[in-house]
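Chemist: Got a structure for you, written out below as structure tokens; questions coming shortly.
The values are calculated or read from the model by the stated rules, or taken from the named source; none is laboratory data. Quantities reported herein were computed from a predicted structural model and do not represent experimental measurements. Note that each Cβ is placed from the backbone with ideal geometry, even for glycine, and that neighbours are counted across all protein chains shown. Surface accessibility is based on the protein's heavy atoms, side chains included, excluding ligands, DNA and RNA. Shrake-Rupley method; radii C 1.70, N 1.55, O 1.52, S 1.80 Å.
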Amino acid sequence: AELIRFCDLTLVKTRDSALLNLSVDFFKCVDIYILDNLETDFSGLEYLAWKNLSGRFGGYFQTRLDLQYKQILVDEFQDTSASQWRILKCWLNSYVEDESVVNSDSPRVFFVGDPKQSIYKFRGADPEIFEIAKNWLKKNFLAHNLFTDTTRRCSKEIVDFMNLVFSSQSRFDFRNHSSTNMVSGEVIKLPPILSTQNPEKKEVDRNWLVDPIGRADSKEWKKEGYQIG
């Protein structure tokens with residue numbers, strides 16, 4: 001039994017090592033393709049922005065930004081990724097002279113968002129960055145934290161349900177909300193979609209060479225979409 005376990009472990013480590021080496025080669029090929037075709041992707045744009053601001057010619061880019069922007073408003077800040085915050089921080093940090101003084105030429109900065117509404121995790125969004133950025137601005141830009149717990153959009157029924165769900169979540173520093181919307185609403189719980197997968201085969205490893213992620217669940221997702229519609 002020990003020998004079998006050791007062999008399995010060795011096999012897994014060998015496979016992971018091979019996949020890691022292949023992934024490195026794959027992304028090198030992607031980089032070469034992008035350079036040859038003068039193309040990039042969303043992550044590439046973020047990287048180039050950070051590279052330009054923090055690199056050798058960062059001062060030049062900072063000067064251009066200073067001339068063009070006197071107000072910076074980032075809406076839906078809860079969907080900011082770590083790389084995007086790094087870009088913003090690199091820009092804003094150039095105005096910080098010490099822990100209590102900000103350059104008089106610095107723009108006015110406004111971050112607006114709600115960590116509860118963060119929905120772009122698949123793209124790197126992290127609601128924890130909201131708290132980090134808020135504290136950083138308070139310390140370095142002497143920013144004020146302004147709160148609102150009143151909505152004009154959602155009905156009272158929806159707000160009551162939201163209070164019930166989030167009142168036990170300490171990570172968002174949640175305070176009960178109220179609504180000024182007089183239109184009645186409702187919260188509906190749809191019946192669960194029963195899986196059509198064979199439970200005996202559910203634990204079998206996906207063949208990553210031919211089976212894309214999510215294909216096995218696509219029928220359930222489609223049913224769920226029709227139900228919501």
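Chemist: May I ask you to list pairs of residues, at least six apart or on different chains, whose Cβ atoms are under 9 Å apart, with the first in segment 182-196 being farther than 29 Å from ARG152 by Cα and open to solvent by less than 80 Å² (accessible area, probe 1.4 Å) and the second being assigned to a loop (DSSP other than H, G, I, E, B) and modelled with pLDDT under 90?
Modeler: Partner pairs satisfying both residue conditions: SER195/LYS202.
Chemist: What helices (runs of 4 or more DSSP H) lie completely within segment 78-174 and have 1 or more residues being small (Gly, Ala, Ser), under 24 Å from ARG64 (Cα atoms) and open to solvent by 30 Å² or more (accessible area, probe 1.4 Å)?
Modeler: Values: elements: 82-93, 128-140, 156-166.
Counting at least 1 such residues, we get 82-93.
Chemist: Based on this model, can you work out whether LYS28 counts as among the charged types (D, E, K, R), open to solvent by 60 Å² or more (accessible area, probe 1.4 Å) and over 24 Å from TRP136 (Cβ atoms)?
Modeler: Numbers: among the charged types (D, E, K, R): yes; open to solvent by 60 Å² or more (accessible area, probe 1.4 Å): yes; over 24 Å from TRP136 (Cβ atoms): yes.
Yes.
Chemist: Determine, yes or no, whether ASN135 is modelled with pLDDT under 90 and out of contact with any helix residue (DSSP H, G or I) (no Cβ under 7 Å at 6 or more places or on another chain).
Modeler: For ASN135, the condition - modelled with pLDDT under 90 and out of contact with any helix residue (DSSP H, G or I) (no Cβ under 7 Å at 6 or more places or on another chain) - is not met.
Chemist: Here is a follow-up. Kindly indicate the residue of segment 9-47 that is modelled with pLDDT under 90 and aromatic (Phe, Trp, Tyr) and also nearest to TYR120 (Cα to Cα) among those meeting that condition.
Modeler: Here the residue is PHE42.
Chemist: Can you name the residue in segment 43-68 that is under 25 Å from the mean Cα position of the chain (by Cα) and open to solvent by 100 Å² or more (accessible area, probe 1.4 Å) and is also nearest to ILE129 (Cα to Cα) among such residues?
Modeler: TYR47
Chemist: Would a scan of segment 50-63 turn up a residue that is free of Cβ contacts under 8 Å to residues at least 12 places away in the same chain, closer than 27 Å to PRO127 by Cα and in a helix (DSSP H, G or I)?
Modeler: Yes.
Chemist: Yes or no: LEU20 in a helix (DSSP H, G or I) and open to solvent by 100 Å² or more (accessible area, probe 1.4 Å)? Working first, answer last.
Modeler: On the way: in a helix (DSSP H, G or I): yes; open to solvent by 100 Å² or more (accessible area, probe 1.4 Å): yes.
When the stated conditions are applied, LEU20 passes them.
Chemist: For segment 103-113, which positions are at pLDDT 90 or above and among the charged types (D, E, K, R)?
Modeler: Result: ARG108, single match.
Chemist: Given the structure, is LYS202 open to solvent by 70 Å² or more (accessible area, probe 1.4 Å) and either over 30 Å from LEU20 (Cβ atoms) or at pLDDT 85 or above (or both)? Quick ask: steps written out before the conclusion?
Modeler: On the way: open to solvent by 70 Å² or more (accessible area, probe 1.4 Å): yes; either over 30 Å from LEU20 (Cβ atoms) or at pLDDT 85 or above (or both): no.
Spelling it out, it is not the case that LYS202 is open to solvent by 70 Å² or more (accessible area, probe 1.4 Å) and either over 30 Å from LEU20 (Cβ atoms) or at pLDDT 85 or above (or both).
Chemist: Under 8 Å between Cβ atoms, which residue pairs at least 6 apart in sequence (or on different chains) link something in segment 162-178 that is under 21 Å from LEU146 (Cβ atoms) with a partner that is at pLDDT 90 or above and among the β-branched types (Val, Ile, Thr)?
Modeler: HIS177/THR150; HIS177/THR151; HIS177/VAL159; SER178/THR150; SER178/THR151; SER178/VAL159
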